[in-house]
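Here the structure is laid out as structure tokens; the discussion comes afterwards.
The values are calculated or read from the model by the stated rules, or taken from the named source; none is laboratory data. These figures come from a predicted structure and were not determined experimentally. Cβ atoms come from the backbone with ideal geometry, glycine included; neighbour counts cover every protein chain shown. SASA here: full protein model, heavy atoms, side chains in, ligands and nucleic acids out. Shrake-Rupley method; radii C 1.70, N 1.55, O 1.52, S 1.80 Å.
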Amino acid sequence: MALLELEGVRKDYRQGRLTVPALRGIDLEVESGEFMAIAGPSGSGKTTLLNLVGCLDTPTEGVIRLDGIELAKLPKAQLADIRRRRIGFVFQSYNLIPVLTAYENVEFSLALLGENSSNVKDRVMRILADVGLSGLENRRPGDLSGGQQQRVAIARALVKGPDLVLADEPTANLDSETGKAIIELMLEMNQKKGTTFIFSTHDPMVMNYARRLVTVRDGRVAEDKRR
Amino acid sequence: MGYLLKLAARNLWRQKRRTALTFLAIAVGLAALIEVDCIMAGVDRDAIDNLINLETGDVRIHAQGYSAERESLPIDRTLDPDAVLTVLKDVEKIRAATPRLMFGARLNTGWEEIPVMGVGIDPERDGQVFTLAEYVDGRWPARGAAEALLGYDLARVLELAPGDTFTLVTRTRDGAFQAIDLTVAGLIRSPHPQVNSGQVYLPLDVASQALALGGAATEVVLKTQDGARVEDVSRNVRAALEDAGISGEVLTWRDAASDFLAISQSKQGFSALLIFMILVIAVVGVVNTILLGAMERVREIGMMKAMGMTTREIVLLFMLEATGIGVLGSVTGCLIGIAGNAYLVSHGIDILESYKGLDIGYPIAGVIRGAWNWPMIAEAFLLGIVVSWVASYIPARRVAAQDPIASLRQG
Amino acid sequence: MMVGTGIRTKIGLRMAMALLVALAIGSTELSGAGAAVEAADLTAEEIVARMDANAYMASAHLVAKLVIRAGSREITKQMEGWVVGNQKAMVTFLNPGDRGTKYLKLGDELWMFFPDAEDLVKISGHMLKQGMMGSDFSYQDALESEKMGELYEFKLAGVETYDGARCYVLEATALPGKQVSYPKRKIWVDCEKFVARREELYAASGKLLKVSRVEEVKEKGGRTYASRVVMEDKLKRGSSTTLIIEQVEFDVKIPDDVFSLRNLMR
């Protein structure tokens, strides 16, 4: 069974009296362990798709299943729980908590799960080492470069061992060198831990790293290529 | 909860200036509340002291039916002081007792006449119950002598000084005019304004004879021993009088303190006003802090929701921040309040100083001292915290209800 | 009662009382020439009885003026009064400041009406007895309808010439059990007309409180009356009240409704 199944997913937004269709019928299956990019011009519906998959939003029509469970049928609290346990988020603008150190930002992810056992520290330190931030644990986001911040964000998403990491334009705010390093880190994590990654991008360099490239145009899957 | 506390504390620290401004405003309000209450408690205490020491004693005995007509100072309901004093000898926990005779009169100097309250006192016993003697400038009148003590303000208005003579015009028990010629033996400068402005003290035997009362008094006032409950003593006195066949009314100073109800009420009113102001300060400050904080942290809130934080947790986070402000405000306010209280209790406020150059002809004891009122301080402490906590609920709800997608899209 | 009203009441009442008292002591009927009786033949009781009898009048209607002096201040009040015996009296003030203020005495009841406040006050019970603490007059004084002889024991202290007239000097002491304002009085009674020419009022302590003097006597319709009476408060320097009767008619018919509450409030 696929990790993620989308069937005939439509999403309309209301803008005043107008109904603006963002997604017009998406069918997609994502297997566990995939490293998948969603490409497409801005306004094509990439972010909307990620929001739906990330349980932040519900489709106007169609079905989304995570591990065979239909998300639309779950109550809000349970959706929050799924986000908390099974999904990691990485944002374009990192969105770290400015008052917490790198270590604490990562730890926060576990704290939300109510984990406070002695191995929390090991886990946080290990994942920070994995993303190449050893020695920078006690820095606050303001004292880190953009690339370093995004590494913290990736560590934060991964520390809880999620089934799925959703990254919305993770490299868009970074220079190409750093962007490349970040996408390589994501790929490394995908291979090492088997975590499924779905990320949106319009950067061809970043797309090149993807094992599967889904192109969205006008709210429809225009192309679905595997390599 | 632990990580929320840490986060709340860090956020407060991040906006030091805003946090400080808000909690200091609350602190100042709370400190003001504590100071005002301290002074009020002091005034209350002084007023009660004055009442007991100069007017009512701890417990007093009247003839049956006196209290109901008290306002008109009736002299046809009197007691035989010797009989009452004899009965009191066998009642426990009484330190001293003295008779007094209160009557209405007009003080006539030959060119002016004003209404006063005549007070017949037993020159030998009065000092054991009342502190009047401490405030006398001049001589204490002797038994049987046509001498009087005058309130300082009264003497000032009438331009009377020790050695001057005046006439007390009144009516005897039978309604006949009576004119008592008296010499001013001394002036009273007490902390009790009414004593200073409207009272004439003369020997009880002189007054009683002049009013055709044959030595009778309108009250026998007693001082209880330290630590004795006035209610217990008054109960025992009542029983003893009953056994002796004397019908009388036994009252404690508390019964007379009904006048203070007005003071207490205005005190409550003032405190309520202050509390209301603190509420407003706290509510405005806290709501403002939360809303500003939320505006700056829109994306942070969106991210937290995306990461699976529940609305409840976010509400809790903001309420913790507000409560933190309340705690800081309460601690600071109470510390300032306690420091201020310590000064007010040890030094007091010199009201004469404040009125210098403004001759109000009111030389009452110049310093008002505060009194500790720890329950009020505890209340103020809780007030700061609880108000901040409660005030934060609605804005925190609003903040937490934001749609994460919209929040994330911002910025 | 409000303090303000209290003060007004007191001042007004004092004036009204001055009038009533003056009427009581000031009018007498001439019993014809040679009616005078030799002084030495009478006892104190007989003198008082004649004085009481002569003070009685069936009725009177008068217009009078009161001049009140207190130190350097002087106030003049104008009033009109109707009296029947010693049971009924009505006084109404005419001067601008007090116009419409009225007093009514009916037996042992005393009523007052203040037009500004449209306030009708009955003085009774407790107020009557206490009066105003130590004031010149108590309400009780106003209602004292008993004859002097029923309240006091009299002693003839001698015969003196007072203000050019031969007078008996009587010393009055309150009878035991009688409630009076002045336990002692001294009265100079005209030997011929049996009119009090001077009266001294004493406190229980023996201190002289007040003196009333008849300064002028007039005749009208065969009656002699004191047309000018001065009352002095001996405790207040320079304080006096002078009553001047400007017009008077004796034994006139006065309709009964003059002495009614309805008239009081009109």
- For region B:367-382, Karplus couplings with θ = phi - 60° (6.51, -1.76, 1.60), whole Hz, Gly/Pro x: 10, 9, 9, x, 9, 5, 9, 4, x, 5, 5, 4, 4, 4, 4, 5
- For residues of B:40-52, the mean tally of beta carbons on other chains within 10 Å: 0
- Going toward the positive end of the dipole of chain B, with +1 on Lys and Arg Cβ and -1 on Asp and Glu Cβ, which of B:G245, B:A63, B:V195 do you reach last? B:V195
- Cα-based Rg of chain B per 2.2 N^0.38 Å, rounded to two decimals? 1.44
- Counting only DSSP beta bridges with both partners in chain A, the antiparallel fraction in percent, to the nearest 5, comes to 60
- What is the packing order of peptides B:127-140, A:45-58, taking the mean over residues of other C-beta atoms within 10 Å and listing the highest first? A:45-58, B:127-140
- So what is log10(I(q)/I(0)) for the protein assembly as shown at q = 0.06, 0.09, 0.11 1/Å, when the Debye sum runs over its Cα atoms only? -0.66, -0.97, -1.23
- Message: Considering only protein heavy atoms and a probe of 1.4 Å, how much of the accessible area of chain A is carbon and sulfur, as a whole percent?
- Response: 44
- Note on the structure: In whole µm²/s, the translational diffusion coefficient that Stokes-Einstein assigns to chain A, given a Kirkwood hydrodynamic radius over C-alpha pairs, 20 °C and 1.002 mPa s, equals 119
- Item | Spin-label pair C:Q179/A:S118, simplified geometry with 7 Å Cα→Cβ offset, distance in nm | 9.9
- Message: Using a 1.4 Å probe on the protein heavy atoms, what percent of the accessible area of region B:65-246 belongs to carbon and sulfur?
- Response: 45
- Query: Between B:T109, B:T183, B:P141, whose Cα lies farthest towards the positive end of the dipole of region B:65-246 when Lys and Arg beta carbons carry +1 and Asp and Glu beta carbons carry -1, centred on the Cα centre?
  - Reply: B:P141
- Note on the structure: Length gained, B:R235-B:A20, 0.36 nm per residue minus C-alpha separation, equals 71.7 nm
- Message: Report the number of Lys pairs in chain B whose alpha-carbons are under 30 Å apart, with separation of 8 or more residues or on distinct chains.
- Response: 7
- Item | Mean Cβ neighbour count within 10 Å, used as a protection proxy, ranking A:136-143, B:160-167, B:113-120 highest first | B:113-120, B:160-167, A:136-143
- Message: Among B:A282, C:A64, C:A44, whose Cα projects farthest towards the positive end of the dipole of the protein assembly as shown, with charges put on the beta-carbon of Lys, Arg (+1) and Asp, Glu (-1)?
- Response: B:A282
- Per residue of B:160-173, how many C-beta atoms from partner chains lie within 10 Å of its own C-beta, taken as a mean? 3
- Note on the structure: For B:I394 and B:A378, extending 7 Å from Cα along the Cα-Cβ vector and measuring point to point gives, in nm, a value of 3.1
- Item | Descending principal axes extents, region B:65-246, alpha-carbon based, whole Å | 51, 36, 27
- Item | Cβ crowding within 10 Å averaged over residues, with C:237-243, B:300-306, B:322-328 ranked highest first | B:322-328, B:300-306, C:237-243
- Item | Antiparallel DSSP beta bridges within region B:65-246, percent to nearest 5 | 75
- Message: With a cut-off of 8 Å between alpha carbons and a minimum separation of six or more residues, what is the relative contact order of chain B in percent?
- Response: 27
- Item | Cα-Cα separations in region B:3-146 greater than 24 Å, expressed as whole percent | 58
- Item | Given charges at beta-carbon only (K, R positive; D, E negative), |dipole| of region B:40-92 in Debye | 60
- Determine the calculated [θ] at 222 nm for the protein assembly as shown from helices alone, applying -39500 (n - 2.57) to every DSSP H run no shorter than 4 residues and normalising by the residue count; nearest 500 deg cm²/dmol. -12000 deg cm²/dmol
- Message: I'd like the distance between the alpha-carbon centres of region A:94-128 and region A:184-227, rounded to an integer number of Å.
- Response: 27
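Over all residues in B:108-119, what is the mean tally of Cβ atoms on other chains that come within 10 Å of each residue's Cβ?
Mean shielding by partner chains, rounded to a whole number: 3.
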- Task: Write down the percent of antiparallel bridges among all DSSP beta bridges whose residues are both part of chain B, to the nearest 5.
- Result: 80
- Task: Note every residue of region C:223-242 with a reduction of at least 10 square angstrom in accessible area, all protein chains present versus the isolated chain, computed with a 1.4 Å probe, or write none.
- Result: C:L235, C:K236, C:R237
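Report the calculated FRET efficiency for B:I349 and B:F270 (r = Cβ-Cβ distance, R0 = 22 Å), to the nearest 0.05.
E(calc), rounded to 0.05, equals 0.90.
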- Out-of-range pairs (alpha-carbon distance over 28 Å; input A:K46/A:K180; C:K105/C:K207; C:K102/C:K253; C:K155/C:K210; C:K77/C:K234): C:K105/C:K207
